Every structure is written in structure tokens, then in C-alpha cells.
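Chemist: Let me give you the structure first, and then I'll get to my questions.
The values are calculated or read from the model by the stated rules, or taken from the named source; none is laboratory data. Bear in mind that the values here come from a model prediction, so they are computed numbers and not experimental data. Positions of Cβ are generated from backbone atoms using ideal geometry, with glycine treated the same way; all protein chains shown enter the neighbour counts.
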Amino acid sequence: MGVINCASLKAHHFTESDIHLLHSIGEQLGIAVEQAKLYEQLQSGREKYRQIARQVIIAQEEERKRISKELHDETSQMLAGLTFNLQALIEMAEMIGIEDRKFKDLLKKTLSSTVQINTEVGRLISDLRPTLLDTLGLIPAIRQHAESNLTHLGINVSFKYEGADKPLRPEVEVSLFRWAQGVIGNIMQHSQAKKVSIFLKGDSHKIELCISDDGIGFDPSKLTVKSGRGKGAGMFILKERLRSVGGDCLIQSQPGQGTTVTATVPLSQASLD
Ligand SMILES: Nc1ncnc2c1ncn2[C@@H]1O[C@H](COP(=O)(O)OP(=O)(O)OP(=O)(O)O)[C@@H](O)[C@H]1O
Ligand SMILES: [Mg+2]
């Protein structure tokens with residue numbers, strides 16, 4: 001790893017104990033240098049991991065935009081056309097006096113399936129691209145997403161906001177919305193909660209979004225990426241999503257004690273002005 005050069009003003013031999021001492025110093029220095037190198041490697045590995053996570057987030061957002069545009073412009077329009085044609089067919093069948101019950105029932109069934117599929121596609125579009133975020137803003141978008149996903153599972157949602165009326169940068173809004181989607185997804189998947197409360201709070205320094213559930217909880221210190229398929233990376237990606245806009249998040253949970261996760265973005269990073 002390196003060499004120590006020792007010199008003395010007076011000519012003399014190194015004693016056994018000098019050599020021993022120098023040897024110990026050399027060993028200590030070697031360990032310190034090695035540790036510093038390993039630390040550097042670890043830091044740069046972490047930084048690379050973060051960069052990749054950010055790229056994944058950007059790619060995910062782009063892909064979601066593309067799919068939702070296609071679903072909206074193509075699939076949904078075609079389904080609307082199909083619904084219209086089926087309605088016209090049902091009316092025609094009445095007008096020309098078709099009596100066949102089975103035929104008419106089948107037409108009606110096909111119409112109701114088409115309407116149902118189009119509603120489902122509409123839900124997919126709004127999950128992929130929060131249109132409410134574009135039109136009404138962050139608060140109604142989060143509220144609508146929470147209510148439409150949790151209420152039908154019998155989970156009671158309470159929503160509160162305070163001082164969160166400052167206009168935010170669009171990428172901060174998207175990050176907070178996606179973060180909330182991820183947290184709500186975890187509540188649906190893992191929590192077995194009965195009650196969820198969402199609190200969006202803004203002050204002169206920061207914007208804070210806090211989501212609590214009264215479910216089974218877990219031990220956050222045991223969070224690991226469980227498999228090569230990326231399962232269990234949810235929380236990590238959620239944190240990176242906030243970090244990419246200058247924010248961070250905190251997970252507070254204990255088995256049996258419910259879960260509270262809080263996202264914070266400093267106003268200097270979040271605000272438009
Ligand atoms: N609200 C919650 N209540 C109970 N446990 C939770 C909650 N949120 C997360 N967990 C626990 O934390 C783990 C990690 O969550 P994370 O979102 O990182 O991964 P995942 O949901 O298992 O997989 P992925 O999000 O990648 O599909 C979960 O597997 C679950 O055990
Ligand atoms: Mg998850």
C-alpha cells in the first residue's frame with residue numbers, strides 16, 4: 001500500500017523497539033488508508049444507486065405519460081365509439097321490432113360490459129397520469145386517489161390540510177402525488193388498517209405530507225430489497241423520488257402500532273416563487 005521513510009539527523013541504527021513502533025504505526029496507517037478507500041467506494045456506489053433510481057423514476061414517468069396518452073386518445077375513444085354503436089343497435093332492434101329476447105339481452109350485456117371497460121380504462125388513465133393534478137391541483141388529487149382506493153376496502157379516510165395553498169413547482173407536485181400513491185398502495189397491500197388520516201401542511205419553510213394508518217405496522221429497520229425482481233424497493237424509490245426534488249421522508253412504525261410516513265420538501269425547493 002505504501003512506504004514510510006524515516007530519517008534521523010544523527011547517524012544510528014534503528015533498535016528493535018524503533019522498528020516495532022514504526023511497524024505498528026505503518027499498520028495503523030495502512031488500515032486507515034484502506035478504510036478511507038472502502039468508504040469512498042461505498043459512497044460512490046451509493047451515489048450510483050441513487051442516480052439509477054432517479055433515472056428509473058424519470059423513465060417511469062415518461063412511460064406512464066405515453067401509455068396514458070395512448071389509452072386516452074386511442075382505446076378510450078374507440079370504446080366510446082363502440083358504446084355509441086351498441087346503443088344505436090339496441091334502438092334499431094326496438095324500432096324494427098326484433099322480438100328475440102336472447103339477442104336483445106346479449107346486446108344489452110355487451111353494452112354494459114363496454115361501458116364498464118371504459119370506466120376501468122378511465123381509472124387506469126387517472127392512475128397513470130393524475131389529470132386532477134393538472135386541473136385542480138395536489139390536494140383534490142391526493143384526496144380523490146385515497147378515497148377511491150381505500151374506501152371500497154372499508155378503510156375510513158380523513159383528510160386535512162393547513163397552509164398548503166402556495167403554488168408548487170409541477171415536478172414537486174408530481175413527486176408528492178406519486179409518493180402518496182406509493183404509500184397508499186402499501187396501506188392497501190400490507191396494513192390491514194381500518195382508518196387512514198392524511199395531513200398536508202405548509203408553513204413558511206416547508207411543505208409536509210403525513211399519511212398515518214392504524215394497521216399492523218412493521219419494523220422499518222428491517223427494510224431490505226427482497227428479491228432480484230425489484231420487489232420491496234418501493235420505499236427506497238419513494239424516498240429517492242422526494243430526494244430528486246430536494247425533499248426527504250421519514251417512516252415511523254412498530255409492529256402492532258400502525259404506520260406513519262411523512263414527506264417533507266423545503267419551500268425553497270418546492271415553491272414557484
Ligand atoms: N402501511 C404499512 N403497514 C404495514 N407494513 C408496511 C406498510 N408499508 C410498508 N410495509 C412493510 O414494508 C415492506 C416494504 O415496503 P415496500 O413498499 O418497500 O415494498 P413492498 O410493498 O413489499 O414491494 P413493492 O412496493 O416493491 O411492490 C412491505 O413489504 C411491508 O412489510
Ligand atoms: Mg410497496
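Chemist: Going through 119, 114, 110 one at a time, which residue ends up being of a type in the set (Val, Ile, Thr), in a helix (DSSP H, G or I) and surrounded by 16 or more Cβ atoms within 10 Å (Cβ to Cβ)?
Modeler: From the options 119, 114, 110, the qualifying one is 114.
Chemist: Looking only at region 186-205, count every residue that is surrounded by fewer than 16 Cβ atoms within 10 Å (Cβ to Cβ) and in a strand (DSSP E or B) and tell me the total.
Modeler: 1
Chemist: Something else: Yes or no: residue 239 more than 8 Å from ligand 1 (Cβ to nearest atom), free of Cβ contacts under 8 Å to residues at least 24 places away in the same chain, surrounded by 17 or more Cβ atoms within 10 Å (Cβ to Cβ) and on the phi < 0 side of the Ramachandran plot?
Modeler: Judged against the criteria, residue 239 is a match.
Chemist: Follow-up question, since we're still on this one. Can you tell me which residue is surrounded by the fewest Cβ atoms within 10 Å (Cβ to Cβ) among those in region 206-220 that are within 12 Å of ligand 1 (Cβ to nearest atom) and more than 19 Å from the chain's Cα centre (by Cα)?
Modeler: At the first step, the residues of region 206-220 found to be within 12 Å of ligand 1 (Cβ to nearest atom) are 211-220.
Next, from what is left, pick out any that are more than 19 Å from the chain's Cα centre (by Cα): 214-216, 219.
Working: 214: 17, 215: 21, 216: 15, 219: 9.
That would be 219.
Matching residues to (1) touching a strand residue (DSSP E or B) at 6+ places or on another chain (Cβ under 7 Å); (2) at pLDDT 95 or above; (3) within 14 Å of ligand 2 (Cβ to nearest atom); (4) farther than 25 Å from residue 155 by Cα:
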position	(1), (2), (3), (4)
205	yes, no, no, yes
220	yes, no, yes, no
228	no, no, no, yes
234	no, no, yes, no
241	no, no, yes, yes
272	yes, no, no, yes
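Chemist: For residue 221, work out the one condition from (1) assigned to a loop (DSSP other than H, G, I, E, B); (2) polar (S, T, N, Q); (3) free of Cβ contacts under 8 Å to residues at least 24 places away in the same chain it doesn't fulfil.
Modeler: Single failed check for residue 221: (1).
Chemist: Consider residue 138 against the criteria (1) at pLDDT below 85; (2) surrounded by 16 or more Cβ atoms within 10 Å (Cβ to Cβ); (3) touching an Asp or Glu at 6+ places or on another chain (Cβ under 8 Å): it satisfies all of them except one. Which criterion is unmet?
Modeler: Here residue 138 clears every test but (1).
Chemist: Which condition breaks for residue 159 when tested against (1) away from ligand 1 (no atom under 15 Å from the Cβ); (2) in a helix (DSSP H, G or I); (3) within 23 Å of residue 123 (Cβ to Cβ)?
Modeler: For residue 159, the exception is condition (2).
Chemist: Restricting the search to region 8-29, which residues are part of a helix (DSSP H, G or I) and either charged (D, E, K, R) or over 60 Å from the mean Cα position of the chain (by Cα) (or both)? Step through it out loud before you land on a result.
Modeler: Kept after step one, since they are part of a helix (DSSP H, G or I), are these residues of region 8-29: 16-29.
Within region 8-29, 16, 17, 18, 27 qualify.
Chemist: Oh, and also: Which residue pairs have Cβ atoms under 7 Å apart, sit 6 or more places apart or on different chains, and have a first residue in region 77-94 that is under 19 Å from residue 121 (Cα atoms) and a second that is among the aliphatic types (A, V, I, L, M)?
Modeler: These pairs meet every condition: 79/117; 79/121; 83/111; 83/115; 86/107; 86/111.
Chemist: Could you check residue 176 against (1) outside the structural domain of residue 58 (by TED's automatic domain parsing); (2) modelled with pLDDT of 95 or more; (3) away from ligand 1 (no atom under 12 Å from the Cβ) and say which number it fails?
Modeler: (2)
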